[in-house]
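Note sheet for the following structure.
Each value in this text was obtained by applying a stated rule to the coordinates, not by laboratory testing. Computed from a prediction, not measured in an experiment: that's the story for all the values here. Glycine also receives a Cβ, built like all others from the backbone with ideal geometry; neighbour counts cover every protein chain displayed.
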Amino acid sequence: MKFKKRICAEVLFLPLLALATSATTPVVAAMQQAEPGPLPSKTVIVEWVYRVQYGHKDEWWRIFRKYQIAILDRQKQLGYVKEYTIFAPSLHTSEDSRWDYRIVIVRASEDPPPGQSEADIARQLFPDQGTFVKEENRRWELTTNHWDLPIHVVRADAAD
């Protein structure tokens, strides 16, 4: 009986979480345009999902914030990244579906303009490439699972 109550509480909580998130998250709010219609055809939305080794979440986040967030911020300044939002779970799940961070990125296009790729920006922002590579390699050592998933908005009111 305990198990059923927990599932019911989570099932009821998830729509509330989605509603609260949609009201406060710029990416989700941007995707819920007042006028129905697709996002511009060249806009690309991608989701990065990470699962981190137990006990190393703080170290992983420190490295990710230092490098990846700095790169995303620079790409946003240059216009290639339109918006990004970072999500972390509020509750826990089973190990097979566990994730620690999701980053939803809205890009202006599939391919970056010249000089605006992740590698180009990393070389510009972090001239000590030895340290950059060493610390990013450490972050990947702490990552137990990762995937990049191109996603798109599905409009329920759109014509078939």
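How would segment 39-151 be classified by its alpha-carbon gyration tensor: rounded, prolate or oblate, with rounded meaning a/c under 1.5 and the a/b versus b/c comparison settling the rest?
On the way: a/c = 2.39, a/b = 1.21, b/c = 1.97.
Oblate, since a/c reaches 1.5 and b/c is not below a/b.
Show me 67-75, 128-136 ranked by packing, highest mean number of other Cβ atoms within 10 Å first. The partial results should precede the final answer.
Details: 67-75: 18.2, 128-136: 12.1.
Top of the packing list down: 67-75, 128-136.
Size of the dipole of segment 39-151 about the Cα centre, Lys and Arg at +1 and Asp and Glu at -1 on the beta carbon, nothing else charged, in debye to 20?
Details: 16 positive and 17 negative charges, 53 e Å.
I would put it at about 260 debye.
Roughly what would the spin-label model give for R62 and V46, points 7 Å off Cα along C-beta, in nm?
A separation of 2.8 nm, rounded to one decimal place.
Stretched out fully, how many nm does the piece from A156 to T144 gain, at 0.36 nm a residue minus the Cα gap? Spell out each step's value before the answer.
On the way: separation 12, 0.36 × 12 = 4.32 nm, distance 3.50 nm.
0.8 nm is the gain from fully extending A156 to T144.
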